[in-house]
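The structure appears right after this line, and notes come after that.
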Amino acid sequence: MTHSALSIKNLSYYYGERCALNELSVDIAEGVFFGLLGPNGAGKTTLMSLLTRLLKPASGEITVFNYALNKQANQAMRNIGVVFQQSTLDFDLSVAQNLAYHGALHGIAPKEVRIRIHQELTRFDLADRQHERVRNLNGGHRRRVELARALLHRPKLLLLDEASAGLDIDTRASLNRHLRHLCRDEGIAALWTTHLIEEIHEDDQLLILNGGRSLAQGQVQTLLSEHDAKNLPALFSQLTRPAA
Ligand code: ATP
């Protein structure tokens, strides 16, 4: 039986009078790579901030592996790993120190933290860089460190807010591939927000968000046939085109 990793029901958020998210509902099952595609200002970062409790919803419910985010925050948050749009690494600390700090914040015993740091850095091909300062790494390596850190407390749901922004094409593609392997091999659910259509595949689950509203949701191939669109770029422009 597949479990629900993330369930969002009728979620709304306002900045003053401006509605940034309007009655959004989304369900993501465990092990699923779920794409969230939206142009600038669609509400992607607002959604991420609500999912990580940086913002409080005006209305609606968020449930993570059946824990209500507002009422059972600790249990819900323990299941979440986050990679924010902007790097949150300390550039003057080494790779291992950044990860150890995260491990300590999650209450993981130091010996176990050392084991997990080695495991995660090996997974991302960075074990030999663990004593280097983050400042000396290139952008792609830093992103991999952030992913390794996000996985250190063994979350089952990863939230990635434009995690590939600013990376070159090859590094972006490799990061995207890596995430898909994590979902497939380890049953981790990933919410991958982006405004880059090429990062979404035809068999992905997808939400197209614009102006805080869900414009389409489901498997890409199904959406294409429902909307009679020849490919995802065509569907995206058909749905997000301003009314004449
Ligand atoms: P981008 O791709 O440009 O990062 P986004 O999809 O992440 O965009 P949000 O940053 O969530 O979109 O913004 C959603 C809407 O809320 C936009 O209209 C934006 O101008 C507005 N907004 C975002 N942050 C604030 C704020 N702090 N105060 C007022 N309005 C805001």
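Taking amide H positions as placed in the peptide plane 1.01 Å from N, state which residues far from residue 25 in sequence (5 or more) or on other chains have amide H under 5 Å from it.
Residues meeting the criterion, in which the H sits 1.01 Å from N, are 10, 11.
Once the piece of chain linking residue 1 and residue 17 is laid out straight, how much longer is it, given 0.36 nm per residue of separation minus the C-alpha distance between them?
1.5 nm
Whole-Hz ³J(HN,Hα) for each residue in segment 126-138, computed from phi via Karplus 6.51 cos²θ - 1.76 cosθ + 1.60 with θ = phi - 60°, x for glycine and proline: what do you get?
After applying 6.51 cos²θ - 1.76 cosθ + 1.60, I find 10, 4, 7, 9, 4, 9, 7, 5, 4, 3, 8, 8, 7 Hz.
What's the carbon and sulfur percent of segment 27-173's accessible surface, probe 1.4 angstrom, rounded to a whole number? Mind showing how you got there, number by number?
Details: 3410 of 7140 Å².
Ligands and nucleic acids excluded, carbon and sulfur reach 48 percent.
For segment 189-205, take each phi angle, set θ = phi - 60°, evaluate the Karplus expression 6.51 cos²θ - 1.76 cosθ + 1.60, and give the result in whole Hz per residue in order, putting x for glycine and proline.
Computed from phi, the couplings for segment 189-205 are 8, 10, 9, 9, 8, 7, 10, 9, 4, 5, 7, 10, 9, 5, 9, 6, 7 Hz.
In whole angstrom, how far apart do the alpha carbon centroids of segment 208-237 and segment 158-197 sit?
Centre-to-centre (Cα) distance: 20 Å.
Taking a probe of 1.4 Å, how large is the accessible area per residue of segment 96-244, in Å²?
I get 50 Å² per residue for segment 96-244.
How much length is gained if the chain between residue 168 and residue 54 is pulled fully straight, taking 0.36 nm per residue apart and subtracting their Cα-Cα distance, in nm to one decimal? Write down the numbers at each step before the final one.
Values: separation 114, 0.36 × 114 = 41.04 nm, distance 2.93 nm.
Stretched out fully, the residue 168 to residue 54 stretch lengthens by 38.1 nm.
Give me the distance in nm between label points sitting 7 Å out from Cα along the Cα-to-Cβ direction at residue 86 and residue 178, one decimal.
If labels sit at residue 86 and residue 178, their model points lie 2.2 nm apart.
Relative to the compact-globule scaling 2.2 N^0.38 Å, provide the ratio for the alpha-carbon radius of gyration of the chain. The partial results should precede the final answer.
Working: Rg = 18.1 Å, N = 244, 2.2 N^0.38 = 17.8 Å.
Compactness ratio reported: 1.02.
Between residue 40 and residue 101, what is 0.36 nm times their sequence separation minus the Cα-Cα distance? Round to one decimal in nm.
Full-extension gain reported as 18.7 nm.
Give me the aspartates and glutamates in straight-line cross-link reach of residue 156: C-alpha distance below 13 Å, same-chain residues under 8 apart excluded.
Answer for residue 156, where 13 Å is the Cα cut-off: 30, 185, 186, listed by chain and number.
Identify, among 211, 57, 96, the residue whose Cα sits farthest towards the positive end of the charge dipole of the chain, taking +1 on the Cβ of Lys and Arg and -1 on the Cβ of Asp and Glu, with the dipole about the Cα centre.
Farthest along the dipole direction, towards plus: 96.
From the mean inverse distance of alpha carbon pairs (Kirkwood) and the Cα radius of gyration, derive Rg over Rh for segment 41-90.
Rg/Rh for segment 41-90 comes to 0.99.
Quote the FRET efficiency, to the nearest 0.05, computed for residue 203 versus residue 111 with a Förster distance R0 of 30 Å and r equal to the Cβ-Cβ distance.
Details: r = 41 Å, r/R0 = 1.37.
According to the calculation, E is roughly 0.15.
Counting only Cα atoms, I'd like the Rg/Rh figure for segment 10-80, Kirkwood definition for Rh.
Rg/Rh for segment 10-80 comes to 0.96.
The values are calculated or read from the model by the stated rules, or taken from the named source; none is laboratory data. This is a predicted model, so every value here is computed, not measured. Using ideal geometry, Cβ is built from the backbone for each residue, glycine included, and neighbour counts are taken over all protein chains shown. Heavy atoms of the whole protein, side chains included, go into the accessibility calculation; ligands, DNA and RNA do not. Shrake-Rupley method; radii C 1.70, N 1.55, O 1.52, S 1.80 Å.
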